[in-house]
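The values are calculated or read from the model by the stated rules, or taken from the named source; none is laboratory data. What you see is a predicted model, and the numbers here were worked out from it, not measured in a lab. Note that each Cβ is placed from the backbone with ideal geometry, even for glycine, and that neighbours are counted across all protein chains shown.
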Amino acid sequence: MRYDVAVLGLGAVGASAAWRAAERGCSVIGFEQFTPAHARGSSHGGSRIFRKTLFEGIEYGALVDRAELLWGRLERESGAALFRRTGGVCIGAEDGELVRDAVRCAAAGGVEVELLDADALAAQYPQFAVAAGDIGVLEPGAGVLDPEGCIRAALELASVAGADLRFETTVTALDHDDDGVRIWVGAESFTARRAIVATGAWFTDLLPELPLRVQRSASVWFAGEDRSAFGPDRFPTFVWESDGLDGWGIPDVDGRGVKVGAGPSAPKPWLDHASANDYPIGPADTDPPEDFVRRALPGLTPKAAAAVACMNSKSPDGDFVIGTPRSAPSLVLTGGFSGHGFKHASAVGDIAVDLATDGTSEIALTRFSPDRFSEAPSRGRAGAGGSTSAADWLGRLRRRR
Ligand SMILES: Cc1cc2nc3c(=O)[nH]c(=O)nc-3n(C[C@H](O)[C@H](O)[C@H](O)COP(=O)(O)OP(=O)(O)OC[C@H]3O[C@@H](n4cnc5c(N)ncnc54)[C@H](O)[C@@H]3O)c2cc1C
């Protein structure tokens, strides 16, 4: 049988793509090397921030708008509780990059936000030890998604809509030409008109030409004496970047404690391959968030109560990859979702289906084009380093066909 759409990798993006494709009437086959909603990739740990103050750039606004609609639809159709509204705040110096970009993107996207000066922020959220010059950009509609719940719900709906989902099945190779794809699982092969590649941190196993790299990250939980002060009714999600102090956090939504991560100033190890992330949590993972908690959240004990390793796929310029490269018209590539991709995953899956079925999407995708690495040098933003080795990836992809 030749399928309309094959989905490679059934994590956050792949599960969404399988759901959207099957619900739109495509014949779908999906492959996942591990079990559903496993804890070995980028989408585990019980919680992910959903916010529309997208300081990453206004081009992300259209993604998150579609994502919001789709997460709501996934909740309704599956009957699962997937989103908890908590409010979310970006904290930083008034003239700092984070606050400036958050305000600009909220204004561009028509997102409801409230500006709180240091006194107002301290009055509303005494859990934060804010400095005199800090301000907060509060987004009341922000909240927390349950990542494993979202993935399970999307897989369930995909399956109900007829998708053929294969777990503990690793795609080992991919052949493609203008007409379609052949997907290899060892000696067995499957054909499809289009393939959506959503293999996350393993992306370069199948497509080494794309300059995506893997970075270790960790989810670290902290406990406090007054647990209710850090629960979802009283404590928001936050991203904090002020002078010498940066981190992010999620209220205690599941009794495990407040999840806190180190910000961009803390070095995170690059990995040669996703499989290299398989080593125990150590001080390099827990010291930076512990230091952040000590200075920013005095109501929490600055000692990790629990921690799990995670990892992110990163592009050279830090932006997502969503698109069909000119050289590979039967593939839709998705990847490089860094530490902020989950909130968008339902939309990315849906857009990938737009591209697989119609060849185009209503969402502007130029910023996310996989062809950009062959056309322009790195724009110098935080990401996986220079793009020198990437400059000819497109040509090499062409030669593989
Ligand atoms: C600690 C941490 C905190 C984060 N916090 C947030 C947050 O608060 N908000 C937010 O929006 N984002 C957050 N992110 C980022 C977000 O979680 C990721 O961007 C997103 O989950 C990536 O989804 P994905 O589908 O690309 O990867 P994954 O969900 O990892 O999916 C890739 C899948 O492909 C499978 N696969 C790979 N190769 C093959 C193969 N050859 N054959 C078959 N299957 C294969 C893998 O097993 C995996 O299941 C965070 C990330 C981390 C690590």
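Results, tabulated for the structure shown:
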item: Residues satisfying the stated conditions in region 286-301, i.e. hydroxyl-bearing (S, T, Y) and either under 13 Å from G257 (Cα atoms) or more than 25 Å from the chain's Cα centre (by Cα) (or both); result: T301
item: Selection status of A163, buried (at least 23 other Cβ atoms within 10 Å of the Cβ) and within 21 Å of R48 (Cβ to Cβ); result: no
item: Region 342-370, subset among the small types (G, A, S), touching a residue at least 40 places away in the same chain (Cβ under 8 Å) and outside any helix (DSSP H, G or I), residue surrounded by the most Cβ atoms within 10 Å (Cβ to Cβ); result: S369
item: Cβ-Cβ under 9 Å pairs, at least 6 apart or on other chains, region 119-146 side in the same structural domain as E97 (by TED's automatic domain parsing) and small (G, A, S), far side crowded, with 21+ Cβ neighbours inside 10 Å and in a helix (DSSP H, G or I); result: A129/A296; G136/V99
item: Pick from region 272-304, criterion of a type in the set (A, V, I, L, M, F, W, C) and within 16 Å of the ligand (Cβ to nearest atom), ranking: nearest to W221 (Cα to Cα); result: A304
item: Residues satisfying the stated conditions in region 59-107, i.e. crowded, with 18+ Cβ neighbours inside 10 Å, farther than 14 Å from K343 by Cα and of a type in the set (A, V, I, L, M); result: V89, I91, L98, V99, A102, V103, A106
item: So A309, is it under 23 Å from A129 (Cβ atoms), among the aliphatic types (A, V, I, L, M) and at pLDDT 95 or above; result: no
item: Qualifying residue in region 283-299 (condition: assigned to a loop (DSSP other than H, G, I, E, B) and hydroxyl-bearing (S, T, Y)); result: no
item: Any strands (runs of 3 or more DSSP E) falling wholly within region 28-120 and containing at least 1 residues that are away from the ligand (no atom under 16 Å from the Cβ); result: 88-93, 114-117
item: Residue within region 13-27 that is assigned to a loop (DSSP other than H, G, I, E, B), within 16 Å of the ligand (Cβ to nearest atom) and either small (G, A, S) or within 22 Å of V239 (Cα to Cα) (or both) present; result: no
item: Residues (under 27 Å from D272 (Cβ atoms) and near the ligand (Cβ under 8 Å from one of its atoms)) located in region 314-343; result: T334, G335, F337, S338, G339, H340, G341, F342
item: Selection status of V111, farther than 27 Å from L333 by Cα, in contact (Cβ under 8 Å) with a residue 40 or more places away in the chain, among the β-branched types (V, I, T) and in contact with a strand residue (DSSP E or B) (Cβ under 6 Å, 6 or more places away or on another chain); result: no
item: Test: residue in region 206-224 that is among the acidic types (D, E), free of Cβ contacts under 8 Å to residues at least 12 places away in the same chain and over 26 Å from A93 (Cβ atoms); result: no
item: Candidate set from region 147-160 (those that are within 14 Å of the ligand (Cβ to nearest atom) and surrounded by fewer than 21 Cβ atoms within 10 Å (Cβ to Cβ)); member that is nearest to the chain's Cα centre (by Cα); result: E148
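Matching residues to (1) within 9 Å of the ligand (Cβ to nearest atom); (2) not assigned by TED's automatic domain parsing to the domain that holds Q33:
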| residue | (1), (2) |
| --- | --- |
| T191 | no, no |
| T199 | yes, no |
| W202 | yes, no |
| S228 | no, yes |
| G231 | no, yes |
